[in-house]
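One structure is given below, encoded as structure tokens.
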Amino acid sequence: MKKIAVCDDEMYFLELATDIIDDYFSGEDLSVFTYNNKADFDKVFNADSDFFDIIIIDIKMPDISGIDFAKCIREKNNLVRIIFLTNYIEY
């Protein structure tokens with residue numbers, strides 16, 4: 001089973017990303033977990049840093065930048081795939 005985390009502070013983009021992921025992986029055994037802040041994500045990730053296969057992170061969130069968020073993830077797991085998501089053209 002693939003486990004994917006999506007971290008974005010905007011509910012609309014969490015739902016949109018989940019729909020796109022479900023369509024892309026249609027027919028595969030998949031679980032998508034959504035988080036709208038780093039603190040909620042950390043509760044799961046800190047307990048088991050190998051839990052997720054893919055982590056999708058918004059570049060700009062109120063509590064931490066996506067780049068800094070990814071650095072925190074890399075300190076605990078350097079194999080998980082990280083994908084950045086943004087609505088800002090400059091990124």
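The values are calculated or read from the model by the stated rules, or taken from the named source; none is laboratory data. Just so it is clear, the model here is predicted, and its values are computed rather than measured. Every residue, glycine among them, receives a Cβ derived from its backbone with ideal geometry; neighbour counts consider all protein chains shown. These accessible areas exclude ligands, DNA and RNA; they are computed on the full protein's heavy atoms, side chains included. Shrake-Rupley method; radii C 1.70, N 1.55, O 1.52, S 1.80 Å.
Order the following by accessible area, largest value first: 1, 61, 11. Probe radius 1.4 Å; ligands, DNA and RNA are ignored. If you can, show how the numbers build up before the last one.
Values: 1 125, 61 20, 11 105 Å².
I get 1, 11, 61, largest accessible area first.
Assign one of three labels to region 7-67, namely rounded, prolate or oblate, based on the Cα gyration tensor with a ≥ b ≥ c the square roots of its eigenvalues; rounded applies when a/c is under 1.5, prolate when it is not and a/b is larger than b/c, and oblate otherwise. Write out the running numbers ahead of the final one.
Values: a/c = 2.32, a/b = 1.26, b/c = 1.85.
Because a/c hits 1.5 or more and a/b fails to exceed b/c, region 7-67 counts as oblate.
Roughly speaking, what % of Cα-Cα pairs in region 37-91 are separated by over 19 Å, rounded to a whole number? If you can, show how the numbers build up before the last one.
Values: 327 of 1485 pairs.
Across region 37-91, Cα pairs with separations above 19 Å total 22 percent.
Calculate the dipole size of the chain relative to its Cα centre from +1 charges on Lys and Arg beta carbons and -1 charges on Asp and Glu beta carbons; express the result in debye to the nearest 20.
Values: 9 positive and 19 negative charges, 82 e Å.
Here the size comes out at about 400 debye.
GNM, the chain, Cα, under 10 Å: largest mean-square fluctuation among 63, 40, 29?
Residue with maximal mean-square fluctuation among 63, 40, 29: 29.
Could you compute the FRET efficiency for residue 46 and residue 78, with r as their C-beta to C-beta distance and R0 at 22 Å, rounded to 0.05?
Efficiency computed from Cβ-Cβ geometry: 0.90.
Quickly work out the residue 16-to-residue 39 label distance, labels modelled 7 Å from Cα along the C-beta direction, and quote it in nm with one decimal.
Taking the simple label geometry, residue 39 and residue 16 are separated by 2.7 nm.
Find the relative contact order for the chain and round it to a whole percent, using C-alpha pairs within less than 8 Å whose residues are 6+ positions apart.
32 percent
Do the sum for the chain: with -39,500 (n - 2.57) for every DSSP H run of n ≥ 4, divided by all residues, what is the mean residue ellipticity at 222 nm, to the nearest 500 deg cm²/dmol?
One gets -11000 deg cm²/dmol as the mean residue ellipticity at 222 nm.
Hey, can you find the accessible area per residue of the chain for me, probe 1.4 Å, expressed in square angstrom?
With the other protein chains kept in place, the chain gives 63 Å² per residue.
Which aspartates and glutamates, if any, have their Cα less than 18 Å from the Cα of residue 76, not counting same-chain residues under 8 positions apart?
By straight Cα distance, residue 76 reaches 40, 42, 48, 50, 53, 68.
Tell me the accessible surface of residue 51 in square angstrom (1.4 angstrom probe, heavy atoms of protein chains only), to the nearest ten.
Near enough 60 Å² of accessible area.
So in the chain, what percent of DSSP beta bridges are antiparallel if you round to the nearest 5? Let's see the in-between values first.
Numbers: 1 of 16 bridges.
Looking only at bridges with both residues in the chain, the antiparallel portion is about 5 percent.
Using a 1.4 Å probe on the protein chains only, how many percent of the accessible area of the chain belongs to carbon and sulfur?
Using a 1.4 Å probe with all protein chains present, the chain comes out at 50 percent carbon and sulfur.
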